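Have a look at the structure below before the remarks.
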Amino acid sequence: MKPKLLVLVLDGAADSPTIEKTSLSTANTPGLDELAQHAYAGFHYPIGPGKAPESDTAVLSLLGYDPEKYYTGRGPLEALGINVQIREGYEVAFRANFATIDESTLEIIDRRVGRSLKSEEARELAKAVDGMKLSDDGYARVWATIGHRAVVIIGSRTRRLSGMVGNTDPAYIRKGLISVAVPNPSKRIARCVPLVDDEAAKETCKLVDEFTLKAIEILKDHPINIERAQKGLPKANAILLRDAGDRMPRLPHFAKMHGFTSASGIAEMPVEIGILRAAKMHIYLVPPPTGNLREDLPLRLKATIRALSENDFVYVHLKGPDEPGHDGKFEDKVRAIEEIDKYFIQPLLNEIDLDNVAVLVTSDHATPYTLRSHSGDPVPFMLSWKKIKNSIGKFDEKNCIRQAKWRIDYAYRLLPTIVRFLKTHA
């Protein structure tokens, strides 16, 4: 009988295999080590060799969806995650960040307000710009989600708009529909640039640039920001937009596509909820991450154990390593991996039968602490199952490349490969 499959994604845990000392190779991980004793290794590229993905396209790809075929932009996925639809043809959805800028020069000081913006503060700031009137019967709708994150919809009552526009967030650049991370990005808010020679795209950019400037004027003297400045905290005085989309995602039914009876995912962030909804998977909601893995992980563990009892496929995405990777904090990244191992993986192994549950461990992308951004490096993975009579020793980048049974150039081919293997060897 084919085992159940648990896909465990350690967000941004991978570093570049060219680094002598990586976070995975340094971390003390008894739980991962136990899984590695009966495992095959491999590596994948989330969206193609050398391409540095955003998390949304990487997750879509890990679930078996070719982003080039199915991706309609992160904006619509984030919108779907908060149960917001767009009026296709006349509205464009964006993922947004509240950011800190120098109001005299408009130079970006921090793209994420120093990660210090509370969700309740963001909601008040969003109310101040929601419903903004723009020229030529344009308008903006704004929802704060978690922390510095938001969804912005730019719309027009009569004029057609297009999602084929560039980002105002300089940290990511559009390559067709997909955004890729930019090493050492500009500190200036980017102008919105049409990606096609199309009136709808030009009209969208005009409204986006107008929204950007009006939002700065409204936010800079907002009571929330005045209070933050008095406390010595960075102001959330600008909104950066990226990953536009003018169509809601339409994904094939995940379970039917891969031959599972039932499929589920543990979700905490709007983009993940949006992806799981689009894939028609059952969602087990958990609270947003607090930054304290000792408190967060037991909640994810409880949801995972329940999901495994009720489904034959479970997707779990664990935060922790990605943020210190972005901040260049090696020790913190190692600690995050160790805490995932201690508070999630080790207790999980006491609860599941690895004869009947296979575990695929990987990352959605590499976030090398030396680079401080997502990279296009190969991402390690291992498939652990008691029927596998092979040990890889330790789960890390070099080991998985050196002992690779599978080399996957596009991650959307990974899951079908693993499912075929399990079916063949059941």
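The values are calculated or read from the model by the stated rules, or taken from the named source; none is laboratory data. Values in this document were obtained by computation on a predicted structure and should not be read as measured data. We place every Cβ from the backbone using ideal geometry, glycine too, and count neighbours over all the protein chains shown.
For this structure, a couple of remarks:
- Per-region count, region 104-136, residues of a type in the set (Ser, Thr, Tyr) and more than 21 Å from the chain's Cα centre (by Cα): 3
- Looking across region 94-104, just one residue is in contact (Cβ under 8 Å) with a residue 24 or more places away in the chain and not in a strand (DSSP E or B), and that is 103.
- Residue satisfying condition, being among the basic types (Lys, Arg) and crowded, with 24+ Cβ neighbours inside 10 Å, within set 115, 111, 74: 74
- Output for region 105-133, where each listed residue is on the phi < 0 side of the Ramachandran plot and either in a strand (DSSP E or B) or among the basic types (Lys, Arg) (or both): 107, 108, 109, 110, 111, 112, 118, 123, 127, 132, 133
- For residue 253: the one exception among (1) modelled with pLDDT under 95; (2) within 23 Å of residue 309 (Cβ to Cβ); (3) not hydroxyl-bearing (Ser, Thr, Tyr): (1)
- Considering residues of region 38-71 that are within 24 Å of residue 319 (Cβ to Cβ) and among the acidic types (Asp, Glu) only, the residue surrounded by the most Cβ atoms within 10 Å (Cβ to Cβ): 56
- Boolean, residue 413 is surrounded by fewer than 24 Cβ atoms within 10 Å (Cβ to Cβ), modelled with pLDDT of 95 or more and more than 23 Å from residue 181 (Cα to Cα): no
- Residue within region 129-141 that is outside the structural domain of residue 273 (by TED's automatic domain parsing) and closer than 18 Å to residue 226 by Cα present: yes
- Residue within region 191-206 that is farther than 15 Å from residue 163 by Cβ, in contact with a helix residue (DSSP H, G or I) (Cβ under 9 Å, 6 or more places away or on another chain), not hydroxyl-bearing (Ser, Thr, Tyr) and not in a helix (DSSP H, G or I) present: yes
- Those helices (runs of 4 or more DSSP H) lying entirely in region 257-342 with at least 2 residues without any contact (Cβ under 8 Å) to a residue 24 or more places away in the chain: 293-310, 330-340
- When we screen 116, 186 for residues that are touching a helix residue (DSSP H, G or I) at 6+ places or on another chain (Cβ under 9 Å), among the polar types (S, T, N, Q), touching a residue at least 12 places away in the same chain (Cβ under 8 Å) and not assigned by TED's automatic domain parsing to the domain that holds residue 288, the only hit is 116.
- Any hit, region 269-282, residues being β-branched (Val, Ile, Thr), closer than 27 Å to residue 339 by Cα and buried (at least 23 other Cβ atoms within 10 Å of the Cβ): yes
- Residues in region 173-214 that are over 22 Å from residue 70 (Cβ atoms), among the polar types (S, T, N, Q) and modelled with pLDDT under 95 were compared, and the one that is nearest to the chain's Cα centre (by Cα) is 184.
- Single condition residue 67 does not satisfy, out of (1) farther than 21 Å from residue 205 by Cα; (2) at pLDDT 95 or above: (2)
- Lone qualifier among 391, 384 - being in contact (Cβ under 8 Å) with a residue 60 or more places away in the chain, crowded, with 24+ Cβ neighbours inside 10 Å and not aromatic (Phe, Trp, Tyr): 384
- Residue 56 being of a type in the set (Asp, Glu), assigned to a helix (DSSP H, G or I) and under 14 Å from the mean Cα position of the chain (by Cα): yes
- In region 213-228, the residues that are more than 16 Å from residue 96 (Cβ to Cβ) form Cβ pairs under 7 Å with partners that are surrounded by 15 or more Cβ atoms within 10 Å (Cβ to Cβ) and polar (S, T, N, Q), at six or more places apart or across chains, as follows: 220/237; 225/237.
- Identity of the residue in region 138-157, in a loop (DSSP other than H, G, I, E, B) and modelled with pLDDT of 95 or more, that ends up surrounded by the most Cβ atoms within 10 Å (Cβ to Cβ): 148
- Just one of (1) assigned to a loop (DSSP other than H, G, I, E, B); (2) touching a His at 6+ places or on another chain (Cβ under 7 Å); (3) not basic (Lys, Arg) fails for residue 50. It is (2).
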